[in-house]
Amino acid sequence: MNARTFLLPSHVVIAASSSEAQALQLALARLSSPVASLIPVLMLGYVMIIWPLVFGGGDYSPIEVQAGWMAPLPPDAGERSPLKMIAYPLLFVLAVISSIFTGSYRRLPFDNPGIAAVVGVIALAVASASWSLFPQFTFMRGALLGIISTTLILSVYSAHSFRVMMLGLFAVVVVAMALNLVSVATQPPGPIGHTGIYPQKNVFGWVSGVILFVGLYHLTFGGLLQRSIALAMIVAAPVFLILSQSKTSLGLSLLAPVVGLMLLYPARRMLISPAIVVSAGVLLAALVYFIGESAGLWTFKWLSQKLLGDPTLTGRTDLWDFAATLIAAQPWLGYGYEAVWGLGYDGLPYRMTLGFARVAPTGHNGYIDMLLHLGLFGFALKVTFLLAALTAAGRLARRDARLGWLSLTIVVFVLLHNNLESDIFISSNPLWMLMLLFFAIGLRVSSAR
């Protein structure tokens, strides 16, 4: 199956078979392909709509909201609902069955650095249970990361109709927009911003950003109805972002599409990978910062105050200072996957520091958290994946400018958002799902013949 077939509407032409067994196998493959096309839709529909409506109200655990929906919780997290633990394993089983019946597992590019990095992080996360302070918890989180990541990759490679997948994702985002419109119109805002249908304002913030990106993408093609809905999304998203008072999501939602366009041109016209452009930009920014700091021109807190109006980034710098001491003590393999923050009285922060760090659900920086969880080995694998994701998005852009721009926008948004929150390689974090989904799409389309 080539990229052209994947990008066209779903249809399968099957030659007649003289063998009943072969006919059955082909029929199952025909059935499995559309099912696989909908698996990412079901997964994102669960985290963006079903979970907040069914489980997100009332009493909830902050660690569940920040570190991963439907993930196994710490022992002191309160009452668990067995229903929360069904969706991901069920989707995983569907993805495996679809992969077997369609034979897509034979096409998986295990030689790709990004896929190899994902496999490496999953293996390291599960193995880290052997040195974690919370071995059972770490093992369950690592297994969940593996289930979700495997499900998304297998489903993309088993799917026959990209159009069905994208229309399904469009429908999920439209429903999320409509439900949040009802929420902001009928419910009062919280003390620090409106939360929409979600239990936390920062979740409402990044969901609003995704609504904006998907709206911009669908505004560029389709019929009158599709373009009208897309326009409504583009109008609603900034209103949501302002009401949520999520400054991070507001700024990044405006910045990411622009950066995506800036990366799109060299990827298409000059054949320069976004990975090269971003790496050069990061290295140049780091060089300028450290030269200026050494010369006494600025400090991190001074820049934070001037650029963002808060020298501590709402207390994040205190978390990062504490994290730095932990990383220095155990730099190579870390303390175990997701085994540092928000783990109650027995956790390292509660025993070793004071203030917000004691109860913080994450380190509010996914790069620092990777060093804490899996050390320098995990961090190297993470960087490898991020470069591969940018490369795949650039190759996708050469085949489809609109889709490439959407992929670059989402990757850039998550890369930047991960500086102030923990998203990438965080068990069931929805932004990690989106990033991995578009990485898999870009990899499959760009590598197909």
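Given axes a ≥ b ≥ c from the Cα gyration tensor, I'd like to know whether region 315-449 is rounded (a/c under 1.5), prolate (a/b larger than b/c) or oblate. Prolate shape, in that a/c is at least 1.5 and a/b is the bigger ratio.
Near the amide H of Tyr335, within less than 5 Å, lie the amide hydrogens of His373, Leu374, Gly375, all on another chain or at least 5 residues away, with H placed in the peptide plane. Note on Gln330 and Ala178: the extension gain reaches 50.0 nm, defined as 0.36 nm multiplied by sequence separation minus the Cα-Cα distance. Going by the alpha-carbon gyration tensor, a ≥ b ≥ c the square roots of its eigenvalues, is the chain rounded (a/c under 1.5) or, if a/c is not under 1.5, prolate (a/b greater than b/c) versus oblate? Rounded shape, in that the Cα axes give a/c under 1.5. Is the C-alpha gyration tensor of region 203-316 telling us rounded, prolate or oblate? Criteria: a/c under 1.5 is rounded; beyond that, a/b larger than b/c is prolate, otherwise oblate. In terms of gyration-tensor shape, oblate.
So how do 409-421, 269-281, 431-443, 233-245 stack up, highest first, on mean other-Cβ count within 10 Å? Provide the component values of the computation, followed by the final result.
On the way: 409-421: 23.5, 269-281: 15.5, 431-443: 25.1, 233-245: 20.0.
Final packing ranking: 431-443, 409-421, 233-245, 269-281.
If Lys and Arg each add +1 and Asp and Glu each add -1, what is the summed charge of the other residues whose beta carbon sits under 12 Å from the beta carbon of Asn202?
Working: positive: Lys201, Lys247; negative: Glu421, Asp423.
Neighbourhood net charge equals 0.
Which Cα, out of Leu261, Ala275, Gly309, lies furthest along the positive dipole direction of region 244-351 (beta carbon charges, K/R +1, D/E -1)? The Cα lying farthest towards the positive end belongs to Leu261. Using the basic label-point model (7 angstrom from Cα toward the beta carbon), what is the Arg106 to Arg398 distance in nanometres? Distance between label points: 2.7 nm. Under 5 Å from the amide H of Gly193 lies no amide H of any residue 5 or more positions distant or on a separate chain, with H modelled from the backbone and absent for Pro and chain starts. Here the Karplus curve 6.51 cos²θ - 1.76 cosθ + 1.60, taken at θ = phi - 60°, turns the phi angles of region 383-394 into couplings of 4, 4, 5, 4, 5, 5, 5, 5, 5, 5, 5, x Hz, with x standing for Gly and Pro.
Points 7 angstrom from Cα along the Cβ direction at Leu133 and Leu297: gap in nanometres? Modelled inter-label distance: 4.1 nm. Figure legend: label point modelled 7 angstrom from the Cα of Tyr265 along Cα→Cβ; residues of region 277-312 with amide N under 17 Å from it are 277-278, 281.
For the chain, what is the calculated [θ] at 222 nm in deg cm²/dmol (nearest 500), taking -39500 (n - 2.57) for each run of four or more DSSP H residues and dividing by its residue count? Please list the in-between numbers first.
Working: 18 runs with 301 residues, N = 449.
One gets -22500 deg cm²/dmol as the mean residue ellipticity at 222 nm.
Converting phi to 3J(HN,Hα) with the Karplus coefficients 6.51, -1.76 and 1.60 and the offset θ = phi - 60°, region 188-202 yields x, x, x, x, 10, x, 6, 9, x, 8, 9, x, 8, 5, 5 Hz in sequence order, with x at every glycine or proline.
Counting only pairs 8 or more residues apart or on different chains, how many lysine pairs in the chain have their Cα atoms under 24 Å apart? Before the final figure, lay out the partial values.
Numbers: Lys84/Lys201; Lys201/Lys247; Lys247/Lys301; Lys247/Lys306.
Lysine pair count for the chain: 4.
Just so you know, all these numbers are worked out from the coordinates, no wet-lab data involved. Note that the coordinates shown come from a computational prediction; the quantities given were computed from them, not determined experimentally. Cβ: placed from backbone, ideal geometry, glycine included. Neighbour counts: every protein chain shown.
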